[in-house]
């Protein structure tokens, strides 16, 4: 294995730990995630459909920005 794979694994692990810490300590303040305008939610008696379009777009934007920031340092 090369050095770069190990470096990327460490970065991915640190991101997962950081995300876990954020969710653990700020869960009550993050209730708006998944309930944004544009998220499709259909609830009927025996049927529930949920498609978080806006939440996915926001998550994609955040991940893209983080990847660009990480690429500048490495």
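The values are calculated or read from the model by the stated rules, or taken from the named source; none is laboratory data. A quick note: this is a predicted structure, and the numbers were derived from the prediction, not measured. Methodologically, a virtual Cβ is constructed for each residue, glycine included, from the backbone with ideal geometry; neighbour enumeration extends over all protein chains shown.
In table form, for the structure just shown:
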| quantity | calculated |
| --- | --- |
| Subset of the range 36-49 (residues that are over 22 Å from residue 65 (Cβ atoms) and either in contact (Cβ under 8 Å) with a residue 12 or more places away in the chain or part of a helix (DSSP H, G or I) (or both)) | 40 |
| Pairs, first not assigned by TED's automatic domain parsing to the domain that holds residue 67 in the range 1-22, second assigned to a helix (DSSP H, G or I) and modelled with pLDDT of 80 or more, C-beta under 7 Å, six or more apart | 11/70 |
